[in-house]
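The values are calculated or read from the model by the stated rules, or taken from the named source; none is laboratory data. Just so it is clear, the structure is predicted and the values come from calculations on it, not from any experiment. Cβ placement follows ideal geometry from the backbone for every residue including glycine, while neighbour counts extend to all protein chains displayed. Side chains are part of the model used for accessible areas, which takes the heavy atoms of the whole protein and leaves out ligands, DNA and RNA. Shrake-Rupley method; radii C 1.70, N 1.55, O 1.52, S 1.80 Å.
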Amino acid sequence: MRGMAGTVHHVMPILAVLGVIVALWYAASVGMNRAWTLDQAERAGEELSAGEVIADAMNQERPVLPTPHQVFAELWETTAGEPVMRERRGELRGNPRSLFFHAYQTLAPTLLGFLFGTTLGILLAIGIVHNRAMDMSVMPWAIASQTIPILAIAPMVIVVLNSIGIEGLLPKSLISAYLSFFPVVVGMVKGLRSPGAMDMDLLKTYSAGTLATLLKLRLPASVPYLFTSLKVAIAAALVGAIVAELPTGARFGLGARLLTGSYYGQTIQIWSALFMAAICAAALVALIGLAERVTLKRMGLAR
């Protein structure tokens, strides 16, 4: 009973906040969609009651702001209601009506770019910590690189790579890597410099060299900082993959889904793709959080 009471105590605030958000969402949807309903009624010479206006505003085919039940219905239909693969011309191919298929098309470059960005970030952080010249030169450039809007640099990267015959997964992965490496650099530099002077002096008394100090002290001390930065980096990598799909006119992927929805005024499709992107980001961050708990527990650093 005490455990159940504790669970309810933790869940109730979350449900209360969720309820407020949903209520505000419905109110905003009615407020933004009612103008179309009233305009159509005026054209038809009809008078609608308040209830009829609200009902129509919450169920328009192309609303300005879709209601929660419209978005979740679209999510259900394009996930559970559609197979990921379907047969076309005697071959089994991806189903462009399935959001899972579009999510896969976006997650593949996201994960590859995240791998590139993480590797680059760790290597740069090690160089910055051990080389003063890199600290004075590379770090400012790394910071400056993040001031360039991704919407400006993505088309340039895509066009340049396409001109030399590089298409498909790699260009999108590079955009993801561009956004994901910076949090790793900052987190790892902080983590590698976290050992205290007494710890460093202790290793010096053991005649530990730079490599031994890195492997036995700096890297283990940086693990908590690394996982914190990885959570930010994986979300940034997903944003990079979505943005990279926009200037290429991609047919598949969550970015392509957003683009086609905006072209044809399918706001419900746009919102369902946004929710799928948020679900993917939450799942990726949760996986990194799970890896963090397992790793820190094995290292004896669990909190």
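What to note about this one:
- Gly94 being open to solvent by less than 30 Å² (accessible area, probe 1.4 Å) and either in contact with a Gly (Cβ under 9 Å, 6 or more places away or on another chain) or among the acidic types (Asp, Glu) (or both): no
- Residue-level analysis places Phe252 among those that are open to solvent by 50 Å² or more (accessible area, probe 1.4 Å), touching a strand residue (DSSP E or B) at 6+ places or on another chain (Cβ under 9 Å) and farther than 15 Å from Phe114 by Cα.
- Output for region 255-303, where each listed residue is over 30 Å from Val64 (Cα atoms), of a type in the set (A, V, I, L, M, F, W, C) and in a helix (DSSP H, G or I): Leu284, Val285, Ala286, Leu287, Ile288, Leu290, Ala291, Val294, Leu296
- Checking each residue of region 113-134 against the condition of being part of a helix (DSSP H, G or I), among the polar types (S, T, N, Q), modelled with pLDDT of 90 or more and buried (at least 19 other Cβ atoms within 10 Å of the Cβ) gives at least one match.
- Phe101 falls short on exactly one of the conditions (1) surrounded by 20 or more Cβ atoms within 10 Å (Cβ to Cβ); (2) closer than 26 Å to Met32 by Cβ, and that condition is (2).
- Ala212 meets each of the listed conditions (1) open to solvent by less than 50 Å² (accessible area, probe 1.4 Å); (2) small (Gly, Ala, Ser); (3) in a loop (DSSP other than H, G, I, E, B); (4) over 25 Å from Val232 (Cβ atoms) apart from (3).
- Considering (1) of a type in the set (Gly, Ala, Ser); (2) touching a Leu at 6+ places or on another chain (Cβ under 9 Å); (3) open to solvent by 40 Å² or more (accessible area, probe 1.4 Å), the lone condition that Ala278 does not fulfil carries the number (2).
Let's see how each residue does on (1) open to solvent by 40 Å² or more (accessible area, probe 1.4 Å); (2) assigned to a loop (DSSP other than H, G, I, E, B); (3) at negative phi:
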position: Leu161; (1), (2), (3): no, no, yes
position: Glu167; (1), (2), (3): yes, yes, yes
position: Val184; (1), (2), (3): no, no, yes
position: Lys190; (1), (2), (3): yes, no, yes
position: Pro247; (1), (2), (3): yes, yes, yes
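- Only helices (runs of 4 or more DSSP H) whose full extent lies in region 1-86 are considered here, and the ones with at least 2 residues that are modelled with pLDDT of 90 or more, open to solvent by 80 Å² or more (accessible area, probe 1.4 Å) and not hydroxyl-bearing (Ser, Thr, Tyr) are 2-44, 68-79.
- Only one of Ile242, Ile175, Ile234 that is in a helix (DSSP H, G or I), out of contact with any Ser or Thr (no Cβ under 8 Å at 6 or more places or on another chain) and crowded, with 20+ Cβ neighbours inside 10 Å: Ile175
- Among the residues of region 87-101, the one identified as in contact with a Phe, Trp or Tyr (Cβ under 6 Å, 6 or more places away or on another chain) and either within 21 Å of Val22 (Cβ to Cβ) or not in a loop (DSSP other than H, G, I, E, B) (or both) is Gly94.
- Among residues of region 146-172 that are in contact (Cβ under 8 Å) with a residue 60 or more places away in the chain, those with a beta-carbon under 9 Å from a residue that is of a type in the set (Asp, Glu) and exposed (fewer than 15 other Cβ atoms within 10 Å of the Cβ) at least six positions away or on a different chain give the pairs Ile158/Glu167.
- Count - residues of region 73-114 that are among the hydrophobic types (A, V, I, L, M, F, W, C) and without any contact (Cβ under 8 Å) to a residue 12 or more places away in the chain: 4
- Failed item, numbered, when Leu219 is tested on (1) under 30 Å from Val186 (Cα atoms); (2) touching a His at 6+ places or on another chain (Cβ under 7 Å); (3) open to solvent by 20 Å² or more (accessible area, probe 1.4 Å): (2)
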